[in-house]
1. Rg and Dmax in Å for the range 3-142, alpha carbons only: what are they?
2. Hey, with R₀ at 22 Å, roughly what FRET efficiency would R37 and M120 work out to, going by the Cβ-Cβ distance, to 0.05?
3. I need D95, D53, D107 ordered by Cβ neighbour count within 10 Å, fewest first.
4. Can you sort M137, M120 by how many other beta carbons sit within 10 Å, fewest first?
5. What list do you get for V63, V16 if you sort them by fewest beta carbons within 10 Å?
Amino acid sequence: MDGAARNGDRLKEALVRVSAEYEGRPGDIARGRELARRFLAQVRAVGGLAVSDRAVDVLQLVVSELLTNACKYAPGPSLVDLQLAEDRVEVTVWDSDPVLPVAERADPGRIGRHGLEIVMAVCQSFEMHREPVGKRMRAAVRLADDLHGTVVGHPS
């Protein structure tokens, strides 16, 4: 295998996963959305995988909602991990609070506290687990899940 092929393999391996730590400071949620946006831009450009515009929006929304909950309800740091897995991105958010969130009943009159409902509605899967310290929430977002059938970034 030549050097160019090895470098290409290393780039693709680097695309598989990205992680970031947040401290619950102003701007962390925006930084989490930017992490998601950059990750999918690399998946499109370097990995050559099809990523719909809707998938970019959904991934940013999921990261934003899960990170907002971590920053709002858990003291201390939180971790966001994005991992490429076949036709989806798995989003994992860890925080220090062991209490698992509960989706509230639908209430169109309620302002706020809809984040978990939204995440569960737009993701391929969602699960949460207590950890020895805190909890982990994991959601899967399809890469080419566009309601209008348009796939953006598909390699030619």
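Readers should treat all values here as calculations from the given coordinates under stated rules, not as data from a laboratory. None of these values were measured; they are calculated from a predicted model. Neighbour counts run over all protein chains shown; Cβ positions are idealised from the backbone, glycine included.
1. Here Rg and the maximum Cα pair distance are 15.7, 60 Å.
2. 0.50
3. Ascending Cβ contact count within 10 Å gives the list D107, D53, D95.
4. Ranked by crowding around the Cβ, least crowded first: M120, M137.
5. V16, V63
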